[in-house]
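The values are calculated or read from the model by the stated rules, or taken from the named source; none is laboratory data. For clarity, every value in this text was computed on a predicted model and none was experimentally measured. Ideal geometry is used to build each Cβ from the backbone, glycine not excepted, and the neighbour counts take in all protein chains shown. Side chains are part of the model used for accessible areas, which takes the heavy atoms of the whole protein and leaves out ligands, DNA and RNA. Shrake-Rupley method; radii C 1.70, N 1.55, O 1.52, S 1.80 Å.
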Amino acid sequence: DRQPREVAPGIRLGLSWTDSRSGRANGWLWMEPDQRTIWLHNQAVNQPLVFRTYSDGKQRELVLTNVGSGSAQGYLLQVSN
């Protein structure tokens with residue numbers, strides 16, 4: 001199932017490739033309020049992807065904690081400003 005999943009209100013994660021052996025994934029984050037895409041290229045487990053949303057100016061970090069065959073687990077952290 002390659003359908004994007006909502007990981008927070010207005011933020012969806014889609015995966016196009018995963019490698020459970022190396023713990024890496026490719027995909028995208030769709031930011032609904034900002035109408036933009038943030039690309040994940042060879043994103044490694046426990047390596048934070050740091051970004052800021054334009055709509056509220058808050059910094060966030062996406063961290064994958066586990067990558068499986070066609071799936072990933074992790075969390076989205078909002079950093080205090």
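Give, in nm to one decimal, the length gained when the segment between SER80 and GLU61 is fully stretched (0.36 nm per residue of separation minus the Cα-Cα distance).
Numbers: separation 19, 0.36 × 19 = 6.84 nm, distance 1.12 nm.
Going from the current span to full extension adds 5.7 nm.
Give me the one-decimal nm value for the distance between modelled label points at TYR54 and ARG36, 7 Å along each residue's Cα-to-Cβ direction.
Spacing of the two 7 Å Cα→Cβ label points: 0.5 nm.
Just the Kirkwood number for the chain, please: inverse of mean 1/r across all distinct Cα pairs, in Å, one decimal. The partial results should precede the final answer.
Details: mean 1/r = 0.0787 Å⁻¹.
Over the chain, the inverse of the mean reciprocal pair distance is 12.7 Å.
In square angstrom, rounded to the nearest 10, how much accessible surface does ARG36 have for a 1.4 Å probe?
The accessible area comes out at roughly 50 Å².
So, for the chain, what is the accessible surface per residue at a probe of 1.4 Å, expressed in square angstrom? Write out the running numbers ahead of the final one.
Values: 5040 Å² over 81 residues.
That works out to 62 Å² for each residue.
Ignoring everything but the protein chains, give the 1.4 Å probe accessible area of SER55 in square angstrom, nearest 10.
Approximately 80 Å² of SER55 is accessible to the 1.4 Å probe.
Starting from 0.36 nm per residue, how many nanometres of slack lie between ASN26 and VAL7 once their C-alpha separation is accounted for? Each step should come with its number before you reach the end.
Working: separation 19, 0.36 × 19 = 6.84 nm, distance 1.61 nm.
So the chain would gain 5.2 nm between ASN26 and VAL7.
Quick one: order TRP17, TRP30 from most to least accessible surface, probe 1.4 Å.
Descending order: TRP17, TRP30.
Hey, any idea what % of the chain's accessible area is carbon plus sulfur with a 1.4 Å probe? Mind showing how you got there, number by number?
Working: 2260 of 5040 Å².
Looking at the chain in its full context, I get 45 percent from C and S.
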